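> Before I ask anything, here is the structure I am working with.
Please treat every number below as a calculation from the coordinates, not as lab data. Keep in mind that what you see is a predicted model, and the values were worked out from it rather than measured. Neighbour counts are summed over all protein chains in view; Cβ atoms, including those assigned to glycine, are modelled from backbone coordinates with ideal geometry.
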Ligand code: HEM
């Protein structure tokens, strides 16, 4: 049985029930409108001039437009579908009533179609006026087009240029807050992190589009109730005992990588491809108990490409929140189904062929002891295991860029090699446990996570109903905010020589980290990375074994393509792994 057919067993509400409800409402409204029209006609016969303007259908449409804007405006998150549904049902009732009581089509056009257009024009005009001239966010600098539409942000995100553009804007305006959408601001302020992401903060609407086939994974859920339960389930997958189990698998996978690099010693390789494929196979191994067959060519070679296409698609639609809300009622687009299908087929294969496998999925299948709840719907489980794969590929993004930095900074690479060599000479080995406290290796990974982090856009949140006072600026209630990680972690205010790769800032040059609060590679608060320690272990192990075994050389000095679609994807860079023995 496929995952989608299993989900069809879920009860659903028939759309016809709404129409039936509307029909009853229509009959009642018809009587009511009849009475009003009769009253108006009576009033009109006594006050012809006044009535000519005030009972004009257009005048009423403007008044209704004004009232609905006032009602919806203080709630920036009014659900699109609810607003459209309310508008649709009222129109349906009103139109039905007119059709039942009027035979002349010109009256229907005059009293229904044209006032509706006036209504929409009023709402659009008022919304633009509010966004441009009344919104309290208007005092923050930012691109003019971003203040009236989310399209600016959607375009930047889907082009993969968003994080760098936001950084430029913060630098250009020398401002902690930049307006990047009608109700959206970027806050580059280390002090704001604790205040924005403390407690059970509300996630931003950005995550709504991250639902896969209608189901959110832990990172995308905006429900604190679900998140609390799901996080307990996820955390069981990363206890110290489980991390040891994954460490053994990571060591095996890394040994295979090292052997394969030895065979290609000195050859020019696309290092990004090497690391991306390794990370995807490892993520699949840890999540489903079996690698995805990407490195040995037995798996789906389009998998990595489908991730990139999905991320770019998601970046666009997640920002235009109203569209994904509507899209969720239509068939999933090909880019989404193709992306989901890859991970789902690995999950189905696991469930069919080795259901007792000891892996991350085995924990996600467990019940939460406190609430006795679990991921019951197959698609909910699939969304979460898919997230595990996506997060696993994030490790590849950091690895690829780290090796590029090391290839360009020979002294740093040699210093790291010397530390590893001396560790081995002292009887140490290159296992996860043995290398975990090596200071220069730890510093190198810290620096990689700062400069080569895969999540540079920042975590989206909503300011609470009281607003947030930061002293020199105030974020109004219900504003959508994010702390732009790339801007923050490369800000001279917080890190000296902020754009340079200097591991020493984490060892004997501590003064180069001016404010540790700005170092948030794994996020902050309740949604901070659940797989943090796993990711660190993987990064340390791969970097240690590759640097101990090879000299990493860069074959091209040009900048590597770097795109941030909410998660970074790196383009090809040519390099060589020259065996040291
Ligand atoms: C270089 C590697 C990684 C980095 C830098 C990283 C960073 C992050 C960040 C910044 C978040 C918060 C995102 C947000 O709130 O929108 C996050 C969430 C998460 N990460 Fe990671 N991550 C990495 C690897 C991993 C790995 C290997 C796993 C294991 C499966 C993992 C599992 C998760 C999960 C489950 C969440 C969602 C947590 C929640 O919402 O409560 N991550 N990660």
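> Once all Cα-Cα distances of region 308-366 are split into 10 Å bins that start at 0, what whole-number percent is in each one?
19, 36, 26, 18, 1
> Rounded if a/c is under 1.5, else prolate if a/b is larger than b/c, else oblate: which is region 210-368, with a ≥ b ≥ c the root eigenvalues of its Cα gyration tensor? Don't skip to the end; give the middle numbers.
Values: a/c = 2.08, a/b = 1.28, b/c = 1.62.
Cα axes put region 210-368 in the oblate bin.
> Along the Cα-to-Cβ line of residue 357, 7 Å from the Cα, sits a label point; which residues in region 373-410 have backbone N less than 13 Å from it?
385-386, 389
> Also: With both partners inside the chain, how many of the DSSP beta bridges are antiparallel, as a percent to the nearest 5?
On the way: 23 of 27 bridges.
Bridges in the chain that DSSP calls antiparallel: roughly 85 percent.
> Now, a different point. Points 7 angstrom from Cα along the Cβ direction at residue 58 and residue 100: gap in nanometres?
Output for this residue pair reads 3.0 nm.
> Now for a separate question. When the C-alpha atoms of region 190-579 are aligned to their principal axes, what extent does each axis show, in angstrom, from largest down?
Principal axes ranked by extent give 58, 56, 40 Å for the Cα atoms.
> How would you classify region 172-227 from its alpha-carbon gyration tensor, with a ≥ b ≥ c the square roots of the eigenvalues: rounded for a/c under 1.5, else prolate if a/b is greater than b/c, otherwise oblate? All intermediate terms of the calculation are to be shown ahead of the outcome.
On the way: a/c = 3.48, a/b = 1.71, b/c = 2.04.
Cα axes put region 172-227 in the oblate bin.
> Would you calculate, for the chain, the mean residue ellipticity at 222 nm contributed by helices, counting each DSSP H stretch of 4 or more residues as -39,500 (n - 2.57) and dividing by all residues, to the nearest 500? Let's see the in-between values first.
Values: 24 runs with 324 residues, N = 581.
Theoretical 222 nm ellipticity from helices: -18000 deg cm²/dmol.
> How big, in percent, is the set of alpha carbon pairs in region 474-563 lying more than 22 Å apart? Mind dumping the intermediate values first?
Values: 2075 of 4005 pairs.
The share of Cα pairs beyond 22 Å in region 474-563 comes to 52 percent.
> Measure nothing fancy, just the Cα-based angle from helix 334-353's long axis to the longest principal axis of the chain, in degrees from 0 to 90, nearest 10.
Result, in degrees: 60.
> Give the angle, between 0 and 90 degrees and rounded to the nearest 10, that separates the Cα long axis of helix 224-235 from the longest principal axis of the Cα atoms of the chain.
That works out to roughly 20 degrees.
> In degrees between 0 and 90, to the nearest 10, how far off the longest principal axis of the chain does helix 114-129 point, with axes built from Cα atoms?
Once rounded, the angle reads 50 degrees.
> Ok, one more. If you take the square roots of the eigenvalues of the alpha-carbon gyration tensor of region 298-341 and sort them as a ≥ b ≥ c, do you get rounded (a/c under 1.5), prolate (a/b over b/c) or oblate?
Details: a/c = 4.84, a/b = 1.92, b/c = 2.52.
Judged from the Cα gyration tensor, region 298-341 comes out oblate (a/c at least 1.5, b/c at or above a/b).
> Express the C-alpha Rg of region 435-517 as a ratio against the empirical globular expectation 2.2 N^0.38 Å, rounded to two decimals.
Working: Rg = 16.0 Å, N = 83, 2.2 N^0.38 = 11.8 Å.
Dividing the Cα radius of gyration by 2.2 N^0.38 Å gives 1.36.
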